[in-house]
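Right, one structure below, let's go through it.
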Amino acid sequence: MKVLAVIREYPPYTWGGGGKVSECIINFSSQYGIKFTVIVNQPKLSISKEIRNNTTIYRVPTLGSSFLTRLPSFSLYASILVSKLQKQFDLIYATSPLYCKIKRPLVVHFHGTRYGEYLACKRLKKPLHAFLNRIYVPFDKVMLKKADGVIILSQNMIKEINAMGGVKKEVAVIPNGVDTNLFKPLKPRNFNSQEKKILYVGRLDLRKGIDILFYSFAKLIKRIKAKLIIVGEGREKKKLFSLSEALAIPVEFKGKISNIELPQIYNEADLFVLPSLYEPFGMVALEAMACGTPTIVSDVVPLEGIPKFPAGDIDELADLLSEVLPSEDKLQKLSQTCFEIAQKYNWEKVTFRMVEFFKKFK
């Protein structure tokens, strides 16, 4: 089956988890007879073509530093290419709006929605950010209108889709996966260190709730010896650094870490925390779990079977940290639970479900 994929975030030009997800989907789908040609992003005003690992990759301009310019510029240039290439394929798979007339079955994949981002910014009392996301909701509506099939990450996203007018086409709830060959325990886990390490990995973005983690951690270290490890880059880095100094808490900012190095980072942590205020899925939490790292998340993260706290609640998070972190037994049990849950999200299993969904439109 020949699939033309239109993906607006793809390595090496990534700013979130979507690029990593798309690369895994393409790599793992080949074993099920899917031959991808992909149209992806690059920060250059040119169109290029390359072949990597037997996959043809077209790179088109994706301009600017925010979705306000990246989204329309990528969709414009990608649509031009789709118009020229689509007749060669059985199916079009897209994570970005397409402006051209579609002559093949189209499956769209939402890694998040502008409406969900709008709600998150509204909760954060960021009216400008909320407004900007709101005016871009029509881009998602274009995707819904043109789609023959829709893939979403969780049941939570159904509400977002319905708020944008819903979709009468077939919808599949298929979560993201994790590469369990890469993300795995590197040695038997033990949690007897005198100083506990709490880890966060991801964008340093307002909606990730990292400041909530800092305030909760400030309460925790009055009772427990611990330090925070923060992996990632983003616009909030300077503010978070200043906040850590103001709270006088031990925080190590590691910056951006390559995918190959991440398993070691996860394996060194006693606890992983994802304190997001809006999260379509939470792939970094799943990576940590696959490494056997005890993991807790806010209640907006659609991963089940692990401890959760109300998003944005400093006291509830501090209480949960105080309950779990000092107990070697609780950490050990949570480590095993997280590892077992993560195995259900192996990319081979997830991509098989996607391929089966693709075949419905052949």
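The values are calculated or read from the model by the stated rules, or taken from the named source; none is laboratory data. No experiment lies behind these values; they were computed from the predicted model shown. Neighbour counts run over all protein chains shown; Cβ positions are idealised from the backbone, glycine included. The area values use the complete protein model at the heavy-atom level, side chains included, leaving out ligands, DNA and RNA. Shrake-Rupley method; radii C 1.70, N 1.55, O 1.52, S 1.80 Å.
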Restricted to region 190-234 and to residues being of a type in the set (V, I, T) and under 23 Å from L119 (Cβ atoms), the residue least open to solvent (accessible area, probe 1.4 Å) is I210
Selection within region 265-283 - modelled with pLDDT under 95 and open to solvent by 10 Å² or more (accessible area, probe 1.4 Å): L277, Y278, E279, P280, M283
Among the residues of region 338-345, are any crowded, with 23+ Cβ neighbours inside 10 Å and among the aliphatic types (A, V, I, L, M)? yes
Sort out which residues of region 92-125 are at pLDDT below 90 and open to solvent by 70 Å² or more (accessible area, probe 1.4 Å), and write them in order of number. K122, R123, K125
Looking across region 34-59 at residues that are touching a helix residue (DSSP H, G or I) at 6+ places or on another chain (Cβ under 9 Å) and at pLDDT below 90, the single one that is nearest to K360 (Cα to Cα) is N54
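Could you list all residues from region 73-91 that are open to solvent by 10 Å² or more (accessible area, probe 1.4 Å) and touching a residue at least 40 places away in the same chain (Cβ under 8 Å)?
L81, L85, Q88, F89, D90
Taking the stated definitions as given, is K49 open to solvent by 60 Å² or more (accessible area, probe 1.4 Å), within 20 Å of V108 (Cβ to Cβ) and among the charged types (D, E, K, R)? Before you say what the answer is, go through the steps one by one.
Working: open to solvent by 60 Å² or more (accessible area, probe 1.4 Å): yes; within 20 Å of V108 (Cβ to Cβ): no; among the charged types (D, E, K, R): yes.
So K49 does not fit the description; no.
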Those residues of region 63-72 which are touching a residue at least 12 places away in the same chain (Cβ under 8 Å) and either at positive phi or among the charged types (D, E, K, R) (or both) amount to R70
Residue within region 299-306 that is among the small types (G, A, S), over 29 Å from Q155 (Cβ atoms) and open to solvent by 10 Å² or more (accessible area, probe 1.4 Å) present: no
It is to be established whether one or more residues within region 58-70 are under 27 Å from E117 (Cβ atoms), among the hydroxyl-bearing types (S, T, Y), open to solvent by less than 20 Å² (accessible area, probe 1.4 Å) and outside any helix (DSSP H, G or I). yes
Test result for I51, farther than 25 Å from P138 by Cβ and either among the β-branched types (V, I, T) or touching a Pro at 6+ places or on another chain (Cβ under 8 Å) (or both): yes
Filtering region 12-41 for residues that are open to solvent by less than 10 Å² (accessible area, probe 1.4 Å) and farther than 21 Å from P175 by Cβ leaves a count of 4
For region 88-101, check the following and say yes or no: at least one residue is polar (S, T, N, Q), under 12 Å from R8 (Cα atoms) and part of a helix (DSSP H, G or I). no
Among residues of region 139-156 being open to solvent by 30 Å² or more (accessible area, probe 1.4 Å) and charged (D, E, K, R), the residue nearest to the chain's Cα centre (by Cα) is K141
Unmet criterion (only one of (1) under 19 Å from the mean Cα position of the chain (by Cα); (2) buried (at least 20 other Cβ atoms within 10 Å of the Cβ); (3) of a type in the set (A, V, I, L, M)) for L182: (2)
So is D179 closer than 19 Å to V21 by Cα and among the acidic types (D, E) or not? yes
Quick one: I260 ticks every box in (1) open to solvent by 40 Å² or more (accessible area, probe 1.4 Å); (2) of a type in the set (V, I, T); (3) over 20 Å from the mean Cα position of the chain (by Cα) bar one, so which box is it? (3)
Every listed condition ((1) open to solvent by 40 Å² or more (accessible area, probe 1.4 Å); (2) of a type in the set (S, T, Y); (3) touching a helix residue (DSSP H, G or I) at 6+ places or on another chain (Cβ under 9 Å)) holds for Y136 save (1)
Assuming F241 fulfils every condition listed in (1) touching a helix residue (DSSP H, G or I) at 6+ places or on another chain (Cβ under 9 Å); (2) of a type in the set (A, V, I, L, M, F, W, C); (3) open to solvent by 10 Å² or more (accessible area, probe 1.4 Å); (4) over 19 Å from V324 (Cα atoms) apart from one, which condition is it? (1)
Of a type in the set (V, I, T) and crowded, with 16+ Cβ neighbours inside 10 Å: does that describe V173? no
